[in-house]
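Structure first, then comments.
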Amino acid sequence: MEEIAKVKDLIEYWMNHNEEHAESYMKWATKASDAGNEELSRSLVRIYLESKRLNRLFEVAKKASC
């Protein structure tokens, strides 16, 4: 049971850490777009969206750890 409590804490940490990265991706996507590099901007937006999807999966895992 102790291992489940630990992984629950890890999931919370991973979610928060992932969210920080996601926000950074969007910030850099905007900068890339402003610099005229739309391909890079689109790629970073896709990474942002995948990060958000990953956080939804973390939510599922978190609920399963209760």
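Of ALA22, ALA5, all but one fail to be exposed (fewer than 11 other Cβ atoms within 10 Å of the Cβ) and either part of a helix (DSSP H, G or I) or within 14 Å of the chain's Cα centre (by Cα) (or both); the exception is ALA5. Once the range 29-66 is narrowed to residues that are small (Gly, Ala, Ser) and touching a Ser or Thr at 6+ places or on another chain (Cβ under 9 Å), the residue that is nearest to VAL7 (Cα to Cα) is ALA29.
Here, each number is a calculation from the coordinates, and none is a lab measurement. The structure presented is a predicted model; accordingly, all values stated were derived computationally and were not measured. Methodologically, a virtual Cβ is constructed for each residue, glycine included, from the backbone with ideal geometry; neighbour enumeration extends over all protein chains shown.
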